[in-house]
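The values are calculated or read from the model by the stated rules, or taken from the named source; none is laboratory data. If you're wondering where the values come from, they're calculated on a predicted model, not measured in any experiment. Neighbour counts are summed over all protein chains in view; Cβ atoms, including those assigned to glycine, are modelled from backbone coordinates with ideal geometry.
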Amino acid sequence: MLPFAGALLAPALVRVMKHNAGWLLAAIPLVVFLHLAGMLDAVSKGSSISGGFDWAPSLGLRFSWFLDGLSLTFALLISGIGTLIVIYAGGYLKGHPHQGRFFSFILLFMGAMLGLVVSDSFLMLFVYWELTSITSFLLIGFDHGREASRRAALQALLVTGIGGLSLLAGLLVIAQATGMSELSSLLGSVDALRNSPLYLAALLLVLGGAFTKSAQFPFHFWLPNAMEAPTPVSAYLHSATMVKAGVYLLMRLNPVMGDTAAWETILPVFGGATLAIGTLLAVRQTDLKLMLAYTTVSSLGLLVMLTGLGSDKAIEAAALYLIAHSMFKGALFMVAGLIDHEAGTRDITCLRGLRKAMPITFVAAMLAALSMGGLPLFSGFLAKEQIYYALGSPEGWQAVLLVIAVCGNALMFAIGFAVALRPFLGDALRTPKAAHEGPISLWLGPAVLGALGLAAAVAAPITHRFLSSPAASAVAGSPIEVTISTIPHIGVPLLLSGLTVALGIAAYVRLDSLRGATAGVLQAIGWGPDRGFDQVLRGLLRLATGLTRIIHNGRLDIYMTVTFVAVAAALLLPMVLFGELPSMPDVPALRFYEWGVLAIAVIGVAAVVKARSRLTAIVSLGIQGFAVALLYMLFGAPDLSFTQFMVETLSVVILALVMTRLRLAPTDRRPHAQKLLDMAIAAACGTAFALLLLKVTQLPFDDRLSQFFNTYAKTIAHGRNVVNVIIVDFRGLDTLGEIAVVMVTGLAILALIRIRSKKADVHAPVRKEA
Amino acid sequence: MQTLIFRTAAPYLTGLMLMFSVFVLLRGHNEPGGGFTGGLIAASAFAIHGIAFGVPAVRRALYFHPMAISGFGLFAAAAAGLPSLLFGVPFLTGLWMSPAFFGMSIDLSTVIVFDIGVYLVVVGSFTSIALALEDREHD
Amino acid sequence: MEAVFAILVGLFFAAGIYLMLSRHIIRILLGVVLFGNAVNLLIFTNGRIIREVPPIIAEGLDVPAGAVVNPLPQALILTAIVISFCFFCFLLVLAYRAYQEIGTDDTDSMRVAEPVDDGLPPMGY
């Protein structure tokens, strides 16, 4: 994908071109946009474009993509707004030391997002889903010097990451239930999933993913916190694209999962709740970005609610609102950033009278706000009319949704105009910076988006033909024709629209007192999911610390005890439980010198254990080693014998060298009970190994491999010493690895010995602590 | 340990052990022996020399740093596997040739190069370890 | 014959493990050596034991004449001996250096990496 390549290029470009790199980099999304736009005609006629290649066919895993009306609409929004955002970021972060990194991240994100909306296989969907979470983590935490920023990034990552896992589980359940792992095939057999007994589990898991991503109540808290990110990020990720991924998923799955009682209850209820809470919280904010963030939460709630209702009208409304919202919210965010950039503050109470200083910004903001408020001639109006068509004839409890929708829209109206009008009207207040119009890169984005909001509605038939109708058809799973036009029709929806506008104006006028009231209420409640997140994280850390203390207590002897008890149990229990104990062996006929060597070995071992002085210990270690070497010699292994002899000699020499410098005796100064316990464990392990070996040797022996070596050592490898032939020829690669280990050990030991002589002071504090 | 007898005997002992180690290495393919055993014998020889005459003497006698010898051995062993690639057989497959040499046929092979590599690695590493421990200058 | 070896192996294991359960690194080190020998003997015995016929093909023959000792375990053990010697050297030097730096050979007192009472991890972000 092109954006990924661009992400690699970005830092280098920025070094060369400074902030102007934004213009060049914007070409990348623009090319993608134009390429996608070329497919519009074909897709609008109802065909879809797909492709893919196998990744792990044995596991049924495929990378595949397909584009239909819904995917294309999203992809166009992502690449189109992306183009403007990259240009905007070029101006916004002008002179920032990490601008290249920023472009890199944002292009990565763009690639992930595009991948997400065009994925067909579940595998690819999930991978891109998580990629958007990760890149958004990087973007939110871009300003990593501030704690609030780090917290917001971690919060977003955790919430959406856990949601992503939930989605993965959901997708696996779907694949299990239907045997299909591609969206396109799933969409081809609509009833397969609905009739499955696993439907509810799949639904809840998928919703877990979608709700966290799209910041639905009660997971809404991460979105406003994510406003710690630089404004281009907020405008792009948290209004137009990433948060819509959840909505995309729901819309995508609507044909296969929708139209059930669970779907039509859960989605509208949570969507409605999110809408209500989002607008209420938005009212209390004074920061432009936070106000917009909370209205984004409520818009997402509205979209989820509409998707959940599932009627054709609701789906049309959702498609229209999706498009309109991306445009006006993106524009308003950029305006907020622009004001912040030029005036030095985003606090609405400190901003007045900027219209003279920033006329273009003002116009762009007004265009966006008019669309957000849903006034005629703007795309927001189409969406709102359609929403009221969908909700206009409520049955039963859906009337509540209507009320929420009207109130929510009214408050959004008020907030939209608060953002677009308040800072510009009235007498100029002193701002931290002398406000003036920003450069073209900054106002181009909001202006284009605002103008598009107008154009999309004026040229409604074209919009419908190419964007809204195909998208709505894809969501519904059957062809739908969106027909609504921007000329108002007399009817219930218009009445509701009028009501909304009236309420909105009232709310706008009384915004300050409303803010005070909601602030009071929220103060009274005090606790919210945001605080809860902190508490959960802190609790998790405490738990982890406690567990670590218990399991990882720093006492080697306890680790060893646990390990060997487990070894003994693992060896003995199955043998005893399944009656696999070996039969009693006969007393073998050994020659007297063989008994002698065995006895020497036993004595050596015993002496090592009982040794009271270090010299005894070294000598007895040597004795047992030489005894083992003799055993090898007696039983036909001269190579082993030689090697063992040499190793034991060197061991004794080296031990003697080192032990003389250690002023300690190898005696055991521990309580008796502890010794007895150790003896018991050791005896159990020893018995277990002996029994295991007895049992193994009593079973028939498969000597094919040995025969192979015996047969071919001379004929193929020209060697008569079979053991050596195996080492250097048949298993040469093993030996190569082994001598590498030998060499690394040598290096490590040299390093260990030398490390102090050069850096004596490094270890001084360590000694003090001990 | 710098007694007269030991210091007198040590050079001969070292020389003998080194010769023996090479002998063990080269006959390894047909009789008991081989790179590991031979290498250990040679490492012991150097260790004895070091105990008798001190570490600097051994370092001088070796000329190369022991770890360098070890590294060369590893390189030789790995390189012994490369010719097999030219013949299109798996890495480290043994290749043999028997050129006539003053009327005597001598078996030469990549396997012997490999075994010499093993020998050098073992000699280098263990000599280096032993010398490092014998070296008391750091105490 | 294998039975005697099995008992010997068991004895080696028991002694090695007993030493490794101790709190003194030197004893643990000795235990590791015994443990290594025990494992080698275990593999050796697993390949079955025959007296005195090394797996060497006599001059002029292509295959061994008559039964020989199983060569495969020997090849495995040969490398294992060298590796365990490396391991032994490394542990020894590690113990030696630790003793020099920390001044104890008691594993309970070696708490540089895992202090007895390190407080809670940082709770911020």
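Observations on the structure shown:
- Residue count for the stretch C:51-110, restricted to those that are facing another protein chain (nearest Cβ under 7 Å), on the phi > 0 side of the Ramachandran plot and either not charged (D, E, K, R) or not in a loop (DSSP other than H, G, I, E, B) (or both): 1
- Filtered residues of the stretch A:65-104 (kept if among the aliphatic types (A, V, I, L, M), more than 30 Å from A:Leu187 (Cβ to Cβ) and part of a helix (DSSP H, G or I)): A:Leu84, A:Ile85, A:Val86, A:Ile87, A:Ala89
- Note on the stretch B:22-54: residues that are over 21 Å from A:Leu657 (Cβ atoms), assigned to a helix (DSSP H, G or I) and among the small types (Gly, Ala, Ser) total 2.
- Qualifying residue in the stretch B:39-48 (condition: modelled with pLDDT of 85 or more and closer than 17 Å to A:Leu733 by Cα): no
- Any hit, the stretch A:24-31, residues being modelled with pLDDT of 75 or more and surrounded by fewer than 17 Cβ atoms within 10 Å (Cβ to Cβ): yes
- Taking helices (runs of 4 or more DSSP H) as the structural unit, those lying wholly within the stretch A:105-197 and holding at least 2 residues that are under 16 Å from the mean Cα position of the chain (by Cα) and among the hydrophobic types (A, V, I, L, M, F, W, C) correspond to A:122-140, A:147-178.
- Test result for A:Gly625, within 8 Å of chain C (Cβ to nearest Cβ) and more than 12 Å from C:Leu41 (Cα to Cα): no
- A:Gly636 vs. criteria facing chain C (nearest Cβ under 9 Å) and outside any helix (DSSP H, G or I): yes
- For the stretch A:532-550, the condition of being of a type outside the set (A, V, I, L, M) and crowded, with 19+ Cβ neighbours inside 10 Å holds for at least one residue.
- Criterion applied to A:Leu157, A:Leu205, A:Leu172, A:Leu200 was being surrounded by fewer than 24 Cβ atoms within 10 Å (Cβ to Cβ), at pLDDT 85 or above and within 14 Å of chain C (Cβ to nearest Cβ), and the one residue passing it is A:Leu157.
- Residue that is farthest from the other protein chains (Cβ to nearest Cβ) [pool: residues in the stretch A:567-599 that are part of a helix (DSSP H, G or I) and either in contact with an Asp or Glu (Cβ under 8 Å, 6 or more places away or on another chain) or among the hydroxyl-bearing types (Ser, Thr, Tyr) (or both)]: A:Pro574
- Selection within the stretch A:221-244: residues that are part of a loop (DSSP other than H, G, I, E, B) and not hydroxyl-bearing (Ser, Thr, Tyr). The member of this set that is surrounded by the most Cβ atoms within 10 Å (Cβ to Cβ) is A:Met242.
- Matching residues, the stretch A:398-433, being crowded, with 20+ Cβ neighbours inside 10 Å and among the small types (Gly, Ala, Ser): A:Ala405, A:Gly408, A:Ala410, A:Ala414, A:Gly416, A:Ala418, A:Ala420
- Residue match in the stretch A:619-630 (condition: part of a helix (DSSP H, G or I) and either under 54 Å from the mean Cα position of the chain (by Cα) or acidic (Asp, Glu) (or both)): no
- Qualifying residue in the stretch C:19-32 (condition: outside any loop (DSSP other than H, G, I, E, B), facing chain A (nearest Cβ under 7 Å) and either in contact (Cβ under 8 Å) with a residue 24 or more places away in the chain or closer than 23 Å to B:Gly28 by Cβ (or both)): yes
- The listed residues are A:Leu306, A:Leu292, and the only one of them that is under 26 Å from the mean Cα position of the chain (by Cα) and not polar (S, T, N, Q) turns out to be A:Leu292.
- Residue match in the stretch A:546-557 (condition: hydroxyl-bearing (Ser, Thr, Tyr), in contact with a helix residue (DSSP H, G or I) (Cβ under 8 Å, 6 or more places away or on another chain) and either in a helix (DSSP H, G or I) or in contact (Cβ under 8 Å) with a residue 24 or more places away in the chain (or both)): no
- Residue satisfying condition, being without any contact (Cβ under 8 Å) to a residue 40 or more places away in the chain, buried (at least 20 other Cβ atoms within 10 Å of the Cβ), at the interface with chain C (Cβ under 7 Å from one of its Cβ atoms) and among the aliphatic types (A, V, I, L, M), within set A:Val602, A:Val647: A:Val647
- Looking at A:Leu354, A:Leu375, A:Leu320, A:Leu338, just one residue is in a loop (DSSP other than H, G, I, E, B), over 29 Å from the mean Cα position of the chain (by Cα) and surrounded by 24 or more Cβ atoms within 10 Å (Cβ to Cβ), and that residue is A:Leu354.
- Sole residue being at pLDDT 85 or above and loosely packed, with under 13 Cβ neighbours inside 10 Å, chosen from B:Tyr63, B:Tyr12: B:Tyr12
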